[in-house]
1. Kindly indicate which of A:Gly53, A:Gly28 is surrounded by fewer than 14 Cβ atoms within 10 Å (Cβ to Cβ), out of contact with any Phe, Trp or Tyr (no Cβ under 7 Å at 6 or more places or on another chain) and at positive phi.
2. Within region A:81-92, track down each residue that is more than 8 Å from chain B (Cβ to nearest Cβ) and either in a strand (DSSP E or B) or of a type in the set (Gly, Ala, Ser) (or both).
3. Exactly one condition in (1) modelled with pLDDT of 95 or more; (2) within 14 Å of chain B (Cβ to nearest Cβ); (3) assigned to a loop (DSSP other than H, G, I, E, B) is false for A:Asp63; which is it?
4. If a residue must be assigned to a loop (DSSP other than H, G, I, E, B), in contact (Cβ under 8 Å) with a residue 60 or more places away in the chain and facing chain B (nearest Cβ under 8 Å), how many such residues does region A:93-103 contain?
5. What tally of residues in region B:26-42 results from selecting those that are surrounded by fewer than 19 Cβ atoms within 10 Å (Cβ to Cβ), within 14 Å of another protein chain (Cβ to nearest Cβ) and either free of Cβ contacts under 8 Å to residues at least 12 places away in the same chain or closer than 14 Å to B:Asn94 by Cβ (or both)?
6. Looking only at region A:66-78, which residues are more than 21 Å from B:His43 (Cβ to Cβ) and either charged (D, E, K, R) or modelled with pLDDT of 95 or more (or both)?
7. Which residue out of B:Val112, B:Val11 is in contact with a helix residue (DSSP H, G or I) (Cβ under 6 Å, 6 or more places away or on another chain), surrounded by 15 or more Cβ atoms within 10 Å (Cβ to Cβ) and more than 30 Å from A:Val54 (Cβ to Cβ)?
8. Would you say A:Arg9 is within 13 Å of another protein chain (Cβ to nearest Cβ) and touching a residue at least 40 places away in the same chain (Cβ under 8 Å)?
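The values are calculated or read from the model by the stated rules, or taken from the named source; none is laboratory data. Quick caveat, the model's predicted, so the values are computed rather than measured. Don't worry about glycine lacking a Cβ; one is built from the backbone with ideal geometry, like all the others, and counts go over all protein chains shown.
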Amino acid sequence: EAGVAQSPRYKIIEKRQSVAFWCNPISGHATLYWYQQILGQGPKLLIQFQNNGVVDDSQLPKDRFSAERLKGVDSTLKIQPAKLEDSAVYLCASSSRPYEQYFGPGTRLTVT
Amino acid sequence: AQSVSQHNHHVILSEAASLELGCNYSYGGTVNLFWYVQYPGQHLQLLLKYFSGDPLVKGIKGFEAEFIKSKFSFNLRKPSVQWSDTAEYFCAVNANQAGTALIFGKGTTLSVSS
């Protein structure tokens, strides 16, 4: 079974630029999560989708972050404009059973 | 609000030493508990999980964890560590409702010297 795919793996941008990350979950997984992991901290949920509907986006900075999951499969997370404090690893995870989540390799974003 | 505390930021052990990593959580309801591991250059992987039943759970690679409800703890243990156990370990919790997101601790870096 293929795992969760993410791209790009690394991205360096200047502050105020925009960036987008892509995630392809495990086939058949209805639930998709985006987490932000700042250096030295554990992952923190940004947004959770069930199929193509948003379940929880309470911690998503909506003035600059947006996410969508068209057709209930792939998802994109966008930051516009980026700030220095957005430097982090962005993790995508998916699940089919209620409590087990499978993580992708992450996208490491550096904002200069 | 739910939170997870991991007591040790960095643990350094020699091979064959015993390991115990502390994890405490704050949540008033029924929870599910997890330990994830991230080996250098790899993505987060599930080490073990507790949903209900026997509070002593066994995971992969000889790891185990004990859920002590009265202490809100879920400590990770391994009797004899190997160099290949060098990794970052994360404790996580979610509410016992289908599909809820995980709340992670800050992680513990384990360095094992051969």
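1. A:Gly28
2. A:Ala82, A:Ser87, A:Ala88, A:Val89, A:Tyr90, A:Cys92
3. The single condition A:Asp63 does not satisfy is (2).
4. Adding up the residues that qualify gives 1.
5. Adding up the residues that qualify gives 3.
6. A:Ser66, A:Glu68, A:Lys71, A:Lys78
7. After applying the criteria, what remains is B:Val112.
8. Yes, satisfied.
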